[in-house]
Amino acid sequence: MPHAIKYPRTQAGNQTDDYHGTQVSDPFRWLEDDVRSNPAVAQWVATQNEFTQDYLGTIPEREQIAGRLRQLWNHERYGLPVKKGGRYFHTFNNGLQNQDVLMMQPGIDAEPELLLDPNGWSDDGTIALAEWYPCPDGRFVACLIQDGGSDWRNARVYDTVSAGMLDDELHWLKFSGLSWTRDGSGFYYSRYPAPASGDRFQSLNSNQAVYFHRLGDPQQNDRLVYARPDFPEWGFGARVTDDGQYLVITIWKGTDDRYQIAIQNLADDSTEPVMLIEGFEDDYALAGNTGATFYFRTSNEAPRGRLVAIDLEQPQSCYWREIIPQSANVLTQAALVGGRIVAVYMADARSLVAVHDLASARHDSVSLPGIGSATGFFGTADDNETFFAWESFDTPPSIWKLDTASGQVQVFKTVSVDFNPGDFVVRQEFFHSPDGTRIPMFIAHHRNVALDGNNPTILYGYGGFNIALQPAFSVSSLVWMEMGGIWAVANLRGGGEYGEEWHRSGTKLDKQNVFDDFIAAAGYLIGEGYTCSRRLAVFGGSNGGLLVGAVVNQRPDLFGAALPAVGVMDMLRFHRFTAGRFWVDDYGSADDEEEFGALYAYSPYHNIRPGIEYPAVLVTTADTDDRVVPGHSFKYAAALQRAQGGAAPVLIRIEARAGHGAGTAVDKKVEESADRWAFLVRVLDMQLPDGFGRN
């Protein structure tokens with residue numbers, strides 16, 4: 001047996017906390033400090049990164065993998081178009097550009113023109129055009145700019161006539177969109193108070209408020225529209241209706257899809273926002289309005305979703321009209337486009353789309369290109385044209401146009417990637433969790449793979465926050481399959497695959513169901529002859545990183561490797577940093593005695609046991625992640641290195657100038673994926689197929 005690895009020394013403290021009479025040790029508390037303000041943490045990061053790169057640098061296949069990743073990533077990519085003032089705005093990437101650029105087409109068949117190229121905004125390609133919002137006539141584009149992957153945004157305004165940025169600049173926006181007035185004089189947005197110096201990446205986010213910014217004014221003159229200082233945990237999303245008559249404010253207080261709705265009549269300057277729906281009891285998503293009649297997709301009396309019409313003259317629920325009833329499938333989206341409702345459903349995690357006529361209640365199914373995921377369908381009530389993206393595991397995203405009047409679809413933008421989709425197999429299978437719950441799983445691999453029980457396999461999962469994992473194209477997973485690996489995605493409880501009941505069954509005191517589902521997925525892959533324990537890796541990010549950490553602690557014998565990315569690893573203190581307090585909806589809180597017991601039982605950081613032979617682990621995080629602060633991963637990696645009783649490596653890779661994922665430069669994505677797959681080549685004892693990388 002190989003000798004155990006000698007890891008860099010991490011100083012352990014004697015911090016102990018009392019949770020409802022239980023003494024809990026936290027020896028690596030000091031690693032929670034911001035790397036920018038604590039030199040000791042900065043040195044630890046540098047030492048660990050050097051140690052990890054020394055290990056990865058000895059893997060000869062890494063450069064071959066990186067080369068194939070760059071080759072496949074080097075393809076044109078298009079974002080969903082937004083039509084304003086007869087012009088079409090969409091993002092574009094020519095292949096290896098670090099950040100997407102913004103294009104404008106003066107007509108549907110016209111050549112696109114470059115508007116904004118964020119690749120020149122920084123030397124390292126880490127400043128991104130995160131979001132963009134054209135005004136109704138298309139002259140101005142309000143932009144949200146993201147620096148180094150942080151959730152914080154600055155807002156700027158681009159003038160398409162003068163081809164330059166206006167002087168307007170707004171700061172401290174987070175979890176906010178921008179919504180223009182009908183006349184394009186300004187927009188509504190939400191922001192937090194400026195954090196204290198040095199606390200930008202770690203302090204809790206409280207007291208968000210809605211403001212109106214008039215073009216040309218300094219931010220300090222922006223008008224306060226809505227705030228609730230009596231409820232500092234509340235957050236707000238503001239949207240102007242297509243007709244410009246109303247401001248709809250969606251009020252949230254966590255990650256649960258349970259909202260209050262306030263509405264302001266913008267036609268009367270004397271009015272203030274008034275509450276339309278109170279109670280944080282159900283999900284409400286505005287589909288659109290016709291005059292004073294508002295259409296909401298809701299989970300009210302429908303855990304899989306329905307569409308209701310609410311008249312502002314009689315807003316009480318007893319007067320609501322049901323437009324689309326709940327069905328066997330989950331209604332994930334509804335949009336009023338061209339006088340019709342475009343309804344997007346999810347059936348066993350696959351997309352279905354129908355167009356409903358408001359007058360006759362007739363509906364027609366939209367013909368989709370196959371089994372996969374459809375996203376988009378934005379539009380206005382007076383325009384029957386909308387766009388959607390279509391993709392699957394073996395199909396890169398293409399952009400399609402839907403005519404809501406005829407139901408016809410046609411390609412708007414398609415892409416070409418240097419691979420043959422016919423070389424791959426994608427199937428959906430079902431397995432059972434220990435309590436008998438039937439769980440779906442997508443499995444994809446190259447046709448040449450022999451199901452002999454010995455294939456290197458990645459099992460990916462998430463299982464939380466009502467988020468569904470639908471079929472999606474990924475260059476990195478495609479390269480993994482070209483390497484001879486199997487890619488499996490399990491649709492665990494806690495997600496949104498089957499509606500709110502499915503979500504609830506994987507939260508708080510029932511969170512263990514998610515881990516049981518994932519462990520059962522691993523058992524299924526082994527039992528059905530796809531792989532074996534020593535060649536099975538588990539992978540997940542954010543809540544999925546928590547998932548990976550928990551199952552590796554509970555069944556270290558079941559896996560050959562683990563890839564927890566930007567994970568929530570300390571379940572007793574997550575709510576003390578940045579957006580962490582919002583996650584109490586899904587996880588519960590250690591401040592509650594009963595919920596503490598459940599959290600402590602599976603918390604990845606707290607359930608590492610000295611002397612156990614853990615599988616090979618590569619932890620990944622980033623120094624500017626202010627969603628799941630990197631201290632989670634730092635503490636977890638330090639504890640696991642100290643406890644490892646076997647010879648398998650435990651490494652941590654900390655990216656600089658990157659965050660939770662959004663806005664990450666393509667260069668960084670390529671390098672991180674190459675490191676992950678090279679790590680698995682080594683620890684899963686893989687042999688790359690002949691001809692790999694020479695397609």
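The values are calculated or read from the model by the stated rules, or taken from the named source; none is laboratory data. Because the structure is a prediction, the values reported are computed rather than measured. Reconstructed Cβ throughout: ideal geometry from the backbone, glycine too, with neighbour counts over all protein chains shown. Side chains included, ligands, DNA and RNA excluded: accessible areas come from the protein's heavy atoms. Shrake-Rupley method; radii C 1.70, N 1.55, O 1.52, S 1.80 Å.
Numbers at a glance
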{"read-out": "Backbone HN-Hα couplings from phi across the stretch 315-321 [Karplus 6.51/-1.76/1.60, Hz, Gly and Pro as x]", "value": "x, 4, 4, 5, 9, 5, 10"}
{"read-out": "Distance between modelled label sites at Asp403 and Asp137, nm, 7 Å Cα→Cβ extension", "value": "3.0 nm"}
{"read-out": "Furthest towards positive pole of dipole, Ala565, Ser176, Asn543, structure part the chain, Cβ charges", "value": "Ala565"}
{"read-out": "Overall form of the stretch 497-651 per C-alpha gyration tensor (a/c, 1.5; a/b vs b/c)", "value": "oblate"}
{"read-out": "Percent of Cα-Cα distances greater than 20 Å, calculated over the stretch 267-410", "value": "49 percent"}
{"read-out": "Separation between Cα centres of the stretch 14-37 and the stretch 213-268, rounded to whole Å", "value": "38 Å"}
{"read-out": "Sequence-distant residues sharing a close amide H with Glu169 (under 5 Å, placed H)", "value": "Gln219"}
{"read-out": "Positive-end residue of Phe577, Ser122, Val666, charge dipole of the chain with Cβ unit charges", "value": "Val666"}
{"read-out": "Most to least packed among 427-434, 121-128 [average Cβ atoms within 10 Å]", "value": "121-128, 427-434"}
{"read-out": "Separation of the Ala110 and Asn607 label points, Cα + 7 Å toward Cβ, nm", "value": "5.8 nm"}
{"read-out": "HN-Hα J in Hz across the stretch 506-511 - Karplus 6.51, -1.76, 1.60, θ = phi - 60°, x for Gly and Pro", "value": "x, 10, 6, 5, 9, 4"}
{"read-out": "Rounded, prolate or oblate (a/c below 1.5 giving rounded, otherwise prolate when a/b exceeds b/c) for the stretch 40-194 by Cα gyration tensor", "value": "oblate"}
{"read-out": "Environment charge of Ala292, counting only residues whose C-beta is closer than 11 Å and scoring Lys/Arg +1, Asp/Glu -1", "value": "-3"}
{"read-out": "Over 23 Å between alpha carbons, listed pairs Lys84/Lys668; Lys253/Lys668; Lys83/Lys413; Lys83/Lys401", "value": "Lys84/Lys668; Lys253/Lys668"}
{"read-out": "Percent accessible area from carbon and sulfur atoms, the stretch 590-695, protein chains only, probe 1.4 Å", "value": "41 percent"}
{"read-out": "Total charge dipole magnitude, the stretch 96-228, about the Cα centre, Cβ charges on Lys, Arg, Asp, Glu only, Debye to nearest 20", "value": "760 debye"}
{"read-out": "Computed lengthening from Arg447 to Phe692, 0.36 nm per intervening residue step minus Cα-Cα distance", "value": "86.7 nm"}
{"read-out": "Computed lengthening from Glu594 to Glu50, 0.36 nm per intervening residue step minus Cα-Cα distance", "value": "191.7 nm"}
{"read-out": "Accessible area of the chain divided out per residue, in Å², using a probe of 1.4 angstrom", "value": "38 Å²"}
{"read-out": "Check: the stretch 1-69 dipole with +1 on Lys, Arg Cβ and -1 on Asp, Glu Cβ, in debye", "value": "280 debye"}
{"read-out": "Distant-in-sequence amide H partners of Tyr246 (H built 1.01 Å from N, under 5 Å)", "value": "Thr241, Leu266"}
{"read-out": "For the stretch 285-334 and the stretch 453-531, distance of Cα centres in Å", "value": "32 Å"}
{"read-out": "Separation of alpha-carbon centers, the stretch 120-158 and the stretch 621-642, rounded to whole Å", "value": "28 Å"}
{"read-out": "Length released on extending from Arg321 to Ser365, taking residue separation times 0.36 nm less the Cα-Cα span", "value": "13.6 nm"}
{"read-out": "Quotient of Cα Rg and 2.2 N^0.38 Å for the chain, N being how many residues it contains", "value": "0.95"}
{"read-out": "Efficiency of FRET between Ser197 and Asp382 - r from beta-carbon atoms, R0 41 angstrom, step 0.05", "value": "0.25"}
{"read-out": "For the stretch 172-242: rounded, prolate or oblate by the Cα gyration tensor [a/c cutoff 1.5]", "value": "prolate"}
{"read-out": "Computed label-point distance, nm, for sites Asp435 and Asp17 using a 7 Å Cα→Cβ extension", "value": "2.7 nm"}
{"read-out": "Per-residue [θ]222 nm for the chain (sum of -39500 (n - 2.57) over DSSP H runs n ≥ 4, rounded to 500)", "value": "-5000 deg cm²/dmol"}
{"read-out": "Lys, Arg +1 and Asp, Glu -1 on Cβ, resulting dipole of the chain about Cα centre, debye, nearest 20", "value": "1280 debye"}
{"read-out": "Calculated FRET value between Gln245 and Gln410, using beta carbons and R₀ = 30 Å, to 0.05", "value": "0.35"}
{"read-out": "Extreme residue, positive dipole direction of the chain, given options Pro440, Phe294, Ala374 (C-beta unit charges)", "value": "Pro440"}
{"read-out": "Hz values of 3J(HN,Hα) by residue in the stretch 213-222 - Karplus curve (6.51, -1.76, 1.60), Gly and Pro given as x", "value": "10, 8, 3, x, 8, x, 4, 5, 8, 4"}
